[in-house]
Amino acid sequence: MKKPKTLLITPNDSTFTRVDAKLLSQSCKLETYDLRQHKGRLGYFWRIMGCIFRILLCRYQLIFIWFADYHAAVAVFLAKLLKTPSVVFIGGYDAVCYPELQMGVYCSPFRSKFASFALKNCSLIISNHEALLDSSNTFYNPNGHPEGVFRLVKDLKTPARVIYNALTVDVPEAELLTQERELVFLAVGTTPRYLDIFNKGLELVAQMAVLFPEYRFEIVGIDPKWQEKFIELLGGVVPENLSLRGYIPHAEVLALMRSSRYYIQASISEGMPNALMEAMLMGCLPIGSNVAGIPTIIGEYGVVFDKRDAESLRQALVKALELKLQPLDISKHVATSFSQEIRGKLLQQIVQDLQK
């Protein structure tokens, strides 16, 4: 079968969108369009305008769009007008609504209309985890907090598929995984907004340093502009065994993961977090919240805790300290379960189905 001329629209250039571009290129004659959303609203607007002309002029046979947002509504509208199959990937913020954290497209009535239009009118929705389709987050709220596009978008009937994220980094050599590790609990999370600290559960991680003084805790990713405020949250004192770091290059993050024994992912909301997958690939023993794809990634190779409070996390750390799991086994579990080969084959099947 001839490869269809295909457009992949991404809000930003990122490791996981580059992986999808690579995988789709195996079955499509692919062009990628980066909207550079991080450059600001005006630039994002003009890139959407450019995307409109590209779709109208280039006669694509398939259109894939990452995230249900303003740009997805525009692309899906044009695809429908041109009778071109369109696919929207959902991955996190486009499947949740947390007003108190100012997180999720559905917190804005105006923005939610665009996301909803895209999801209702595309040919297929691809989610990186089933929780982003329909679920209830009891970790955040014991009574349940509605999540997933089928809960948040009224009368949504578009077909949906679940395809788990693939690893974006190479499997390390066995000799790197078997080296002696430091007794460090590592947590990594980007925090462009102050409220992201709470979504990532980093304040809970910091509280553990006082409870486990014999171990080191490292938090990476708290923007320096938030660190003073974060320290105030801790009572104005940083425990001697707690290290706070801002952004560091990805290679350094991976090196930290290879040298640390434990990794904590205490998030309120996630899809399939790449950082957790990378930490386990590097051999870290994971401790994670019972949220969306986190327990799916961890499987039987770590500890999952069910309540968002310090005591629940403390108990999870105690359990983790008792486990004898080996870094090689943890890494192998992730490498075989979330390979690019698996995601690539499933995307190839979708491309074939959409051409029928």
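Could you tell me the relative contact order of the stretch 71-125? Use alpha-carbon pairs under 8 Å, at least six residues apart, and round to a whole percent.
43
What number do you get for the stretch 85-234 when its Cα radius of gyration is normalised by 2.2 N^0.38 Å, N = residues?
Taking N as the residue count of the stretch 85-234, the ratio is 1.30.
Have a look at the stretch 1-116 and give its Rg and Dmax from the Cα atoms, expressed in angstrom.
In order Rg, Dmax, the Cα atoms of the stretch 1-116 give 14.3, 50 Å.
Name the residue, out of Leu328, Leu133, Leu82, whose mean-square fluctuation peaks in a Gaussian network model built on the chain with Cα pairs under 10 Å.
Greatest mean-square fluctuation among the candidates belongs to Leu82.
Let me check against my output: what whole-number percent is the relative contact order of the chain, with C-alpha pairs under 8 Å and at least 6 apart?
15
Taking 0.36 nm per intervening residue step and subtracting the Cα-Cα distance, what contour gain separates Arg314 from Lys154 on full extension?
Here the segment from Arg314 to Lys154 would lengthen by 53.7 nm.
Tell me, how many Å apart are the Cα centres for the stretch 305-325 and for the stretch 166-238?
16
Out of all DSSP beta bridges in the chain, what portion is antiparallel? Express it as a percent rounded to 5.
So the antiparallel bridges amount to about 5 percent of the total.
Would you kindly work out the equivalent ellipsoid of the chain from its C-alpha gyration tensor and give its semi-axes, the square roots of five times the eigenvalues, largest first in whole Å?
Square roots of five times the eigenvalues give 36, 23, 18 Å.
Is there a quick way to get the dipole size of the chain? I mean about its Cα centre, with the Cβ of Lys and Arg at +1 and of Asp and Glu at -1; what is the value in debye to the nearest 20?
Here the size comes out at about 2000 debye.
Please work out whether the stretch 262-356 counts as rounded, prolate or oblate from its C-alpha gyration tensor, where a ≥ b ≥ c are the square roots of the eigenvalues and a/c under 1.5 means rounded, while otherwise a/b larger than b/c means prolate and anything else oblate?
Taking the square roots of the gyration eigenvalues as a ≥ b ≥ c, the stretch 262-356 is oblate.
Note down the relative contact order for the stretch 208-356 as a percent, whole number, built from C-alpha pairs under 8 angstrom at least six residues apart.
Taking the mean separation of contacting Cα pairs over the length of the stretch 208-356, I get 17 percent.
Which whole-angstrom value gives the distance between the alpha carbon centres of the stretch 71-109 and the stretch 333-348?
25
For the stretch 121-169, what class follows from the C-alpha gyration tensor (a ≥ b ≥ c being the square roots of its eigenvalues): rounded when a/c is under 1.5, otherwise prolate if a/b is larger than b/c, else oblate?
Note, shape of the stretch 121-169 comes out oblate.
Assign one of three labels to the stretch 156-214, namely rounded, prolate or oblate, based on the Cα gyration tensor with a ≥ b ≥ c the square roots of its eigenvalues; rounded applies when a/c is under 1.5, prolate when it is not and a/b is larger than b/c, and oblate otherwise.
Here the stretch 156-214 falls in the oblate category.
Which residues make up the longest stretch of the chain clear of GluC sites (Glu not before Pro) that lie in a DSSP loop with no more than 10 other Cβ atoms within 10 Å, not counting the sites?
In short, 1-172.
Measure nothing but the geometry: give the 0 to 90° angle between the long axis through the Cα atoms of 41-58 and the longest principal axis through the Cα atoms of the chain, rounded to 10°.
Relative to the chain, helix 41-58 is tipped by roughly 40 degrees.
In degrees between 0 and 90, to the nearest 10, how far off the longest principal axis of the chain does helix 109-121 point, with axes built from Cα atoms?
Here the helix axis deviates by roughly 60 degrees.
For the stretch 173-266, which trypsin sites (Lys or Arg not before Pro) pass both filters: DSSP loop (anything but H, G, I, E, B) and at most 14 other C-beta atoms within 10 Å?
Listed in order of number, the matching sites are Arg193.
Quick one: of Lys83/Lys356; Lys154/Lys345; Lys80/Lys356; Lys120/Lys307; Lys113/Lys345, which pairs are farther than 22 Å apart, Cα to Cα?
Lys154/Lys345; Lys120/Lys307; Lys113/Lys345
When averaged across all projection directions, what area in nm² does the alpha-carbon convex hull of the stretch 295-345 cover?
Averaged projected hull area, Cα only: 4.3 nm².
Let me understand the stretch 23-81 better: what is its radius of gyration from the alpha carbons, and its Dmax, in angstrom?
Looking at the stretch 23-81, its Cα Rg and Dmax stand at 11.7, 34 Å.
By how many degrees, between 0 and 90 and to the nearest 10, does the Cα long axis of helix 224-233 differ from the longest principal axis of the chain?
With rounding to tens, the tilt is 50 degrees.
Rank Pro146, Ala73, Pro109 by how far each Cα sits towards the positive end of the charge dipole of the chain (+1 on Lys, Arg Cβ; -1 on Asp, Glu Cβ) and give me just the farthest.
The listed residue farthest towards the positive side: Ala73.
FYI, it's all coordinate maths here, none of it is from the lab. What you see is a predicted model, and the numbers here were worked out from it, not measured in a lab. Cβ: placed from backbone, ideal geometry, glycine included. Neighbour counts: every protein chain shown.
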